[in-house]
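All remarks here apply to the structure that follows.
Since every read-out is calculated from the coordinates, none of them should be taken as a lab result. The shown structure was predicted, so the numbers you read here are calculated from the model rather than taken from an experiment. Note: ideal-geometry Cβ built from the backbone for every residue, glycine included; neighbour counts use all protein chains shown.
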Amino acid sequence: MLIARLVALAILLATGGSLIAWILTGNPRYRRSAWLLARIGIAVLLLILGLFVLERLAA
């Protein structure tokens, strides 16, 4: 559970940093990277939740 929280925090910080960089510079590359990080974060979240569901079903 600790690893999931650390991964979520890292993705949140990276996405926020990319959005701030995009706002400050106006470079669309940072917006694309923020969108990519957000999609990766959602995929990781769904994977972890799926593992929790499988763990509950196995018990």
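Step by step: first the residues of the stretch 7-27, then only those that are more than 21 Å from residue 49 (Cα to Cα), touching a helix residue (DSSP H, G or I) at 6+ places or on another chain (Cβ under 9 Å) and β-branched (Val, Ile, Thr), then the one that is surrounded by the fewest Cβ atoms within 10 Å (Cβ to Cβ). Which residue is that?
Out of the qualifying residues, it is 23.
Is there any pair linking a residue in the stretch 33-55 that is assigned to a helix (DSSP H, G or I) to one that is of a type outside the set (A, V, I, L, M) and surrounded by 13 or more Cβ atoms within 10 Å (Cβ to Cβ), with Cβ under 8 Å and at least six apart or on different chains, and which?
Here the result reads 33/18; 34/15; 34/18; 34/22; 37/15; 37/18; 38/15; 41/15, each pair linking the stretch 33-55 to a residue that is of a type outside the set (A, V, I, L, M) and surrounded by 13 or more Cβ atoms within 10 Å (Cβ to Cβ).
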